[in-house]
Amino acid sequence: MIEAKGIRKTFQNFVAVHHLDLTVQEGTLYVFLGPNGAGKTTTIRMITGILQPDSGELRIFGQSYQKNRGDILNRIGYIPDRPFLYGKLSANELIRFMGSLRRLDPNFTRKRGKELLAQFQLIEFQDELIERFSHGMKQKLVMTLALLHDPDLLVVDEPMVGLDPRAALHVKQMLTQLARSGKTVFMSTHTLEVAAQLCDRVGIIHKGRMVADESLKGLTAKMATKDGDLEAVFMALTADALDLDEGVPV
Amino acid sequence: MIRDFFLLSSLHLRTAKNQAWGFLRHHPIQAFVISAGLLFFYGGFLRIAYVALARIYHQETVGIIMCTKLIQLMLLVSVGVATMSSLTTAISNLYMSKDLEFQFSLPVKFPSWIYYRQSQVILQSCWMVLVFGGPIVYFFLKLSGLSLGLRAVGLIAFLMLVSMMVFLATMLSFILIRLFPARRVHQVLFIISIILMSLLVFYFRYIEPEKFIGPGGMEEFNGYLDLVNPTAQAWNPAKWTGDFLTALSLKNWPEARLHGFRIGFIFIMFQIPFLFSAYRFYRSSWDRALHALSGETPEPGKMGFLARYWSNRLDNRNGNQTAREVLLFMRDPSQWTQIFILAGLLALYLYSITKLPLSPFGGTRYQLALGNTVFVAFVGLSICSRFIFTSFSTEGQALWLMKVAPESWEKWIESKLKVYGIPTLFFCLILSLGSGIILELQPRMLLRVGMATAWDLMLIMGASVVFGLLFMDPKIENANKMIVSPGGLLLMSVCMFFMLAHGILRIVGSSEMLMYYFRRAGWPNLEGWRYTAWAGTLGAIEIAILGLFLWRAIRHLRSAEDIY
């Protein structure tokens, strides 16, 4: 599903992602962890086609962005950490606009959009302008947009930020359900509790390098921590991390 | 209080310095080219301004009087520009700014904060007046033989004049926003656009520029200059500063002291109503400022036929991008209210053309119409820089939606050209052909004039797209701030250069007399087929450069990480 071989991304003098190897199998809920500035969001943006790797090979669904950009993007749903949207459109309008960008049938878009808005308790706000939405409402709308075309791969960057407890529970259930139905979920989070609850496999990135990529069980066994204690594993692997660390000097 | 003011200002300066330094470090070649281009342009302006002013000043008998009158005219125009541009800048800085929540929480005294903010409004709305008008005042005082200190005093008087207009405009914004119910800032923008249109009509009809380009235009101009200084203009702030500068230049110290004291006193007196209105109308309603960005736009369902039509087109695979662009434009009051100003400008422009003499400077009406294409191009440039150039940045950080959708960037760019470019082209063609019809041109000449405007506008639109993409800043708060960015300045400079080249080529190509003079100055022979060859070559070079840069800009859009 996702195959990254030695991908590298630099921003001016900083290496954000340093020869990263990553493989995510179909139907997996992969949790991607790392301290602030470790390179999680950069990796996610490369997977979603927003950024291009400077070097290395990245294949999604066995295809590369250079040759099959449209095909890949049609099968990916992306939920970014910050929900920037067109404030002057209504939720309903934005859904229809994104549906037409993805070449979906307008009737299907309307029906599916309404279903998702109802699931995320936004249906009564569908004709409100997005600029009046709270952060959590915008986040829910982004999730609606990401799921609109029923993607095979859902890439999620910090999904719980700004969500109320009910919505957070709904998102957790939704992500688990998606993985069970054979879809792939690639999720980055700082909430280790959520990660431990949901993940099939864990990847930990630190200073732009993968320091772990295993099942939770395997990882905790390897690190000799008690079963399921992801926090202890994370702390051990990222012991020298600083909060404001932004990358590795070239 | 003063310490807080300087602290806040230094934060702003540091941010600007860091941005400039960051740009220089990461794009040294572009930074060098931009700096060199701007220096060349500004250096050329300074040189021409000084030489022209010196030539007028040193004319026998009337030189000093002519210079004095020109300064007074420039002050009058500066007052108009400062008032008009500061109205929207005050609203965008004091009400529609994203940093207000943070700014309001700063532990500084309110007067320091409001003066700091006001200084930003002054700089943003009057930088052009100060950068281009300031040197004229300075040169005038230098030619009068004044010391450096006295020249600085003259410049301070000029700054005070411009600032007073900005203070006035800011007070008006405070009062207008206070008058309207909360979250209705967009209605204020509508009122402001009507005020701006009225000011534009007043200034245009007051100055009556068309009088100066006929037989005896120079006499008209001299007569007009005498009108600038009648005693009836005691209310005119431009006259107060003009009197002071005149007295300084004549070294009439008692008069200079008197006028200097008067302008200083009035400036200080301006601060009382300003502070009063800041406390009474602004400080007491910060909630309006915080809610202004999410203005009370009617709900989509309750909007008119037009909005419903475009909203329905969002489903359409071919028209979705255009529909989105139109809806965003229609729902942004800081954008659509500009249409009223453009409509006013169109009416004014055509009205002024009806007043034109039929034999300007001894030339033909056709030559006048060709000269008019340059003015039309400048109008087109100001519209394109305001709408097309800024539209890429005002898309904002929602751009990621486009990056993760299987959509071509070309279609996205095309939508912007459709929404802003085509109406601008039509607007300019109406100006150009409408003027031609009023000047009673023959159909063949009208066709040439139309083609000239179309050529100019295509180039301007292309350049607006290229610069808009290369200098895209999705974090910009509003379109007004984008125009005064380095990209905006560069766009204006490059297009003005090419438009002037087009204008000279056309006018010289249509006049044997001008051709004779230009050839004596080393200009190439443009007679007969050579004109077509030169024009064609220039057009081909422009298309090639534009195509190359457009390709580069789209590549930048695809790969640039700083865009999202």
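The values are calculated or read from the model by the stated rules, or taken from the named source; none is laboratory data. What you see is a predicted model; the values in this text were computed from it and never measured. Ideal geometry is used to build each Cβ from the backbone, glycine not excepted, and the neighbour counts take in all protein chains shown.
Computed values, structure above
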item: Within the range B:76-187, helices (runs of 4 or more DSSP H) holding 1 or more residues that are modelled with pLDDT of 90 or more and in contact with a Phe, Trp or Tyr (Cβ under 7 Å, 6 or more places away or on another chain); result: B:110-143, B:148-179
item: Entirely in the range A:131-198, the helices (runs of 4 or more DSSP H) that have 2 or more residues that are in contact with a Ser or Thr (Cβ under 8 Å, 6 or more places away or on another chain) and modelled with pLDDT under 85; result: A:192-198
item: Selection from the range B:533-564 of residues that are under 24 Å from residue B:372 (Cα atoms), among the β-branched types (Val, Ile, Thr) and in contact with a helix residue (DSSP H, G or I) (Cβ under 9 Å, 6 or more places away or on another chain); result: B:543
item: Verdict on residue A:60 being more than 10 Å from chain B (Cβ to nearest Cβ) and in contact with a helix residue (DSSP H, G or I) (Cβ under 7 Å, 6 or more places away or on another chain); result: yes
item: Filter result for residue A:52 (over 16 Å from the mean Cα position of the chain (by Cα) and more than 30 Å from residue A:128 (Cβ to Cβ)); result: yes
item: Meets criteria (in a loop (DSSP other than H, G, I, E, B) and either within 20 Å of residue B:545 (Cβ to Cβ) or assigned by TED's automatic domain parsing to the domain that holds residue B:505 (or both)) for residue B:440; result: yes
item: Residues of the range B:91-109 satisfying the condition of being touching a residue at least 60 places away in the same chain (Cβ under 8 Å) and over 16 Å from residue B:476 (Cα atoms); result: B:101, B:104, B:106, B:108, B:109
item: Residue check for residue B:379: in contact with a Cys (Cβ under 7 Å, 6 or more places away or on another chain) and assigned to a helix (DSSP H, G or I); result: yes
item: Residue, farthest from residue A:213 (Cα to Cα), within the range A:16-39, restricted to residues that are touching a Lys or Arg at 6+ places or on another chain (Cβ under 7 Å) and within 14 Å of chain B (Cβ to nearest Cβ); result: A:16
item: Hits in the range B:326-350 (condition: assigned to a loop (DSSP other than H, G, I, E, B) and either touching a Gly at 6+ places or on another chain (Cβ under 6 Å) or of a type in the set (S, T, N, Q) (or both)); result: B:337
item: Some residue of the range B:471-478 being modelled with pLDDT under 85 and either in a helix (DSSP H, G or I) or among the hydroxyl-bearing types (Ser, Thr, Tyr) (or both); result: no
item: Hey, residue A:202 modelled with pLDDT of 70 or more, touching a helix residue (DSSP H, G or I) at 6+ places or on another chain (Cβ under 6 Å), assigned to a helix (DSSP H, G or I) and surrounded by 18 or more Cβ atoms within 10 Å (Cβ to Cβ) or not; result: no
item: Conditions (1) within 27 Å of residue A:63 (Cβ to Cβ); (2) more than 14 Å from chain B (Cβ to nearest Cβ); (3) small (Gly, Ala, Ser): number failed by residue A:162; result: (1)
item: Search result, residues across the range A:110-130 that are assigned to a loop (DSSP other than H, G, I, E, B) and in contact (Cβ under 8 Å) with a residue 40 or more places away in the chain; result: A:120, A:121
item: Inter-residue pairs, beta-carbon under 6 Å, first assigned by TED's automatic domain parsing to the domain that holds residue B:278 and closer than 14 Å to residue B:45 by Cβ and in the range B:110-137, second β-branched (Val, Ile, Thr) and surrounded by 21 or more Cβ atoms within 10 Å (Cβ to Cβ), 6+ apart; result: B:129/B:162
item: Candidates B:365, B:331 - the one that is charged (D, E, K, R) and closer than 22 Å to residue B:502 by Cα; result: B:365
item: Lone qualifier among B:42, B:95, B:50 - being aromatic (Phe, Trp, Tyr) and buried (at least 19 other Cβ atoms within 10 Å of the Cβ); result: B:95
item: Matching residues, the range B:505-532, being out of contact with any helix residue (DSSP H, G or I) (no Cβ under 6 Å at 6 or more places or on another chain), charged (D, E, K, R) and within 19 Å of residue B:366 (Cα to Cα); result: B:512, B:527
item: Neighbours by Cβ (under 7 Å, 6+ apart or cross-chain): first from the range B:269-281, more than 12 Å from residue B:111 (Cα to Cα); second hydrophobic (A, V, I, L, M, F, W, C); result: B:270/B:164; B:270/B:167; B:273/B:171; B:281/B:174; B:281/B:175
item: Residue count for the range B:55-74, restricted to those that are under 27 Å from the mean Cα position of the chain (by Cα) and either closer than 10 Å to residue B:143 by Cβ or polar (S, T, N, Q) (or both); result: 3
item: Criterion: closer than 16 Å to residue B:405 by Cα and either in contact with a helix residue (DSSP H, G or I) (Cβ under 8 Å, 6 or more places away or on another chain) or within 11 Å of another protein chain (Cβ to nearest Cβ) (or both) - qualifying residue of A:123, A:95; result: A:95
item: The range A:73-91 - residue that is aliphatic (A, V, I, L, M) and at the interface with chain B (Cβ under 8 Å from one of its Cβ atoms) and, of those, farthest from residue A:147 (Cα to Cα); result: A:89
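Yes or no, residue by residue, for (1) away from every other protein chain (no Cβ under 14 Å); (2) farther than 30 Å from residue B:117 by Cα; (3) at pLDDT 85 or above:
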| site | (1), (2), (3) |
| --- | --- |
| B:22 | no, no, no |
| B:25 | no, no, no |
| B:43 | yes, yes, yes |
| B:49 | yes, yes, yes |
| B:54 | yes, yes, yes |
| B:59 | yes, yes, no |
| B:62 | yes, yes, no |
| B:73 | yes, no, no |
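Matching residues to (1) buried (at least 18 other Cβ atoms within 10 Å of the Cβ); (2) part of a helix (DSSP H, G or I); (3) among the hydroxyl-bearing types (Ser, Thr, Tyr):
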| site | (1), (2), (3) |
| --- | --- |
| B:368 | yes, yes, no |
| B:390 | yes, yes, yes |
| B:418 | no, yes, no |
| B:431 | yes, yes, no |
| B:436 | yes, yes, no |
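So that you can scan it fast, the table gives a plain yes or no per residue for (1) more than 14 Å from chain A (Cβ to nearest Cβ); (2) within 27 Å of residue B:453 (Cβ to Cβ); (3) within 18 Å of the chain's Cα centre (by Cα); (4) surrounded by fewer than 23 Cβ atoms within 10 Å (Cβ to Cβ):
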position: B:374; (1), (2), (3), (4): yes, yes, yes, yes
position: B:380; (1), (2), (3), (4): yes, yes, yes, no
position: B:385; (1), (2), (3), (4): yes, yes, yes, no
position: B:398; (1), (2), (3), (4): no, no, no, yes
position: B:403; (1), (2), (3), (4): no, no, no, yes
